[in-house]
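> First the structure, which I've put down as structure tokens, then a few questions once you've had a look.
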Amino acid sequence: MVQDIRADLGKPVDPWFDKLPPGLKRIANPLREIILSAVPSLKGEMKWGMPFFMRNGMVCGLMKAKTHLSLFFPKGSKLKDPKKILLGEGKTVRSLKFTKRGDIPAAAVKAFVKQAASLNSSA
């Protein structure tokens, strides 16, 4: 199983999006548009069975569950979050959880993606 997940390392993200169930696809597709509109230079690639958006390293990634989709930021603890909407209390990763398209706070997502990309600008 581990080999199957690692076999997609660096591959395009489109097949992941294409295989999503309709409910998650209604969240994932607009979310991807928001992410890429925030930082058009991001490159999507697969890692650990999930799509990541990269620029000089990992900026953010998507993880699916049965009933929701999470947008996570590997360096999320360094992001400014004045409204305290990011989830997580660990050392680094923070996330947002979406169960329907209407849950997506587009302006906040864009701001987080821009911040996360800027953390990699010196890399």
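The values are calculated or read from the model by the stated rules, or taken from the named source; none is laboratory data. Not measured: the values here are computed from a predicted model. Using ideal geometry, Cβ is built from the backbone for each residue, glycine included, and neighbour counts are taken over all protein chains shown.
> Which is under 14 Å from the mean Cα position of the chain (by Cα) and hydrophobic (A, V, I, L, M, F, W, C), of Leu20, Leu96, Leu119?
Leu96
> Is at least one residue of the range 75-92 in contact (Cβ under 8 Å) with a residue 24 or more places away in the chain and closer than 25 Å to Pro22 by Cβ?
no
> Among the numbered criteria (1) without any contact (Cβ under 8 Å) to a residue 60 or more places away in the chain; (2) of a type in the set (A, V, I, L, M); (3) more than 27 Å from Ala7 (Cα to Cα), which single criterion is violated by Leu69?
(3)
> Same structure again: Quick one: Leu36 ticks every box in (1) of a type outside the set (D, E, K, R); (2) under 21 Å from Gly10 (Cα atoms); (3) assigned to a helix (DSSP H, G or I); (4) in contact with a helix residue (DSSP H, G or I) (Cβ under 8 Å, 6 or more places away or on another chain) bar one, so which box is it?
(4)
> All but one of (1) within 14 Å of Lys114 (Cα to Cα); (2) among the small types (Gly, Ala, Ser); (3) at pLDDT below 95 hold for Ala7; state the number of the condition that does not hold.
Answer for Ala7: the failing condition is (1).
> When you scan the range 88-111, do you find a residue that is among the hydrophobic types (A, V, I, L, M, F, W, C), over 19 Å from Pro12 (Cβ atoms) and in a strand (DSSP E or B), even just one?
Looking only at the range 88-111, we keep the residues that are among the hydrophobic types (A, V, I, L, M, F, W, C), and these are 93, 96, 98, 104, 106-109, 111.
Filter once more, so that each one left must be over 19 Å from Pro12 (Cβ atoms): 93, 96, 98, 104, 106-109, 111.
After this cut, where a residue has to be in a strand (DSSP E or B) as well, the list is 96, 98.
Looking through the range 88-111, at least one residue is among the hydrophobic types (A, V, I, L, M, F, W, C), over 19 Å from Pro12 (Cβ atoms) and in a strand (DSSP E or B).
> Restricting attention to the range 51-66, does a residue exist that is under 15 Å from Ala117 (Cα atoms), of a type in the set (D, E, K, R) and crowded, with 16+ Cβ neighbours inside 10 Å?
Within the range 51-66, the first condition is being under 15 Å from Ala117 (Cα atoms), and the residues that meet it are 52-61.
Imposing the further condition that a residue be of a type in the set (D, E, K, R) reduces the set to 55.
Next, only the ones that are crowded, with 16+ Cβ neighbours inside 10 Å stay: 55.
Yes, the range 51-66 has at least one match.
> Within the range 49-65, count every residue that is over 19 Å from Lys110 (Cβ atoms), touching a helix residue (DSSP H, G or I) at 6+ places or on another chain (Cβ under 8 Å) and either assigned to a strand (DSSP E or B) or of a type in the set (Lys, Arg) (or both).
Residues in the range 49-65 being over 19 Å from Lys110 (Cβ atoms), touching a helix residue (DSSP H, G or I) at 6+ places or on another chain (Cβ under 8 Å) and either assigned to a strand (DSSP E or B) or of a type in the set (Lys, Arg) (or both): 2 in total.
> Would you point out the residue of the range 18-33, among those that are among the charged types (D, E, K, R) and in a helix (DSSP H, G or I), that is surrounded by the most Cβ atoms within 10 Å (Cβ to Cβ)?
Arg32
> Taking the range 112-123, which residues are loosely packed, with under 15 Cβ neighbours inside 10 Å, outside any loop (DSSP other than H, G, I, E, B) and of a type in the set (Gly, Ala, Ser)?
Listed by number, the list holds a single entry, Ser118.
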